Amino acid sequence: MPVINEPTFDAPIPGMSLTHELGARPWQQPAQFPSVDEAIEYYMSRMTSEEFIDQLIDIMEMGVPITVIANTIQLSGVMEGKHTVDVGMLITPLLIELMMMLAESADVEYTSGLDDPDKNKTRKSLLTKYSLQYEKELRNIDTKAIAEDETEVAIEEEQEEMPTGLMSRRQ
């Protein structure tokens, strides 16, 4: 009977990823599509296939924002050595537009991910929270105690002794 909690020693050694030969990874090679035009052509041919459209529609119907899908696609292209990071950032808006067009042509409701519906709510709630906290603190302040403290400070200042000694100021 095998022991379930037995540790495995087949894991990679920390730092092992830094010991590969330079240029051994796809992203360390020159890009297959170095320009934006070439990269868009590559993605257009792939994204207009029937298989891709079916999978894309399924993902959109699950509620995954189009921006997340586009970022995932371009990042995998960078990792596969298809294009560089900067080309990927430049083609992302075009990928988003293409996917929006495909979704609209298939009459699929989608989440673009471009707008943030909670942005104003969060800001208003924070302002409300802190304003209520300060109002509560203001109500709890005892004005009589503050006035007594101010008079005590004034009395203490009057009672201070004048310095004496060789280096003190003359009056």
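Some points to look at:
- In region 108-125 there is at least one residue that is surrounded by fewer than 10 Cβ atoms within 10 Å (Cβ to Cβ) and at pLDDT 80 or above.
- Tallying residues that are surrounded by fewer than 18 Cβ atoms within 10 Å (Cβ to Cβ) and touching a residue at least 12 places away in the same chain (Cβ under 8 Å) within region 71-83 yields 5.
- One residue alone among 170, 139 is at pLDDT below 80, part of a helix (DSSP H, G or I), exposed (fewer than 10 other Cβ atoms within 10 Å of the Cβ) and not small (Gly, Ala, Ser), and that residue is 139.
- For region 37-63, filtered to residues that are among the aliphatic types (A, V, I, L, M) and within 16 Å of residue 88 (Cα to Cα), the residue that is surrounded by the most Cβ atoms within 10 Å (Cβ to Cβ) is 39.
- Restricting the first member to region 25-44 and to residues that are within 14 Å of residue 76 (Cα to Cα), and the second to residues that are surrounded by 12 or more Cβ atoms within 10 Å (Cβ to Cβ) and polar (S, T, N, Q), the beta-carbon pairs closer than 7 Å and six or more apart or on different chains are 31/84.
- Index of the failed condition, residue 102 passing every other in (1) buried (at least 17 other Cβ atoms within 10 Å of the Cβ); (2) under 30 Å from residue 24 (Cα atoms): (2)
- Yes/no for residue 23 being part of a loop (DSSP other than H, G, I, E, B) and either under 30 Å from residue 109 (Cα atoms) or at pLDDT 95 or above (or both): no
The values are calculated or read from the model by the stated rules, or taken from the named source; none is laboratory data. Source: prediction; values computed, not measured. No Cβ is skipped: glycine too gets one built from the backbone with ideal geometry, and neighbour counts run over all protein chains shown.
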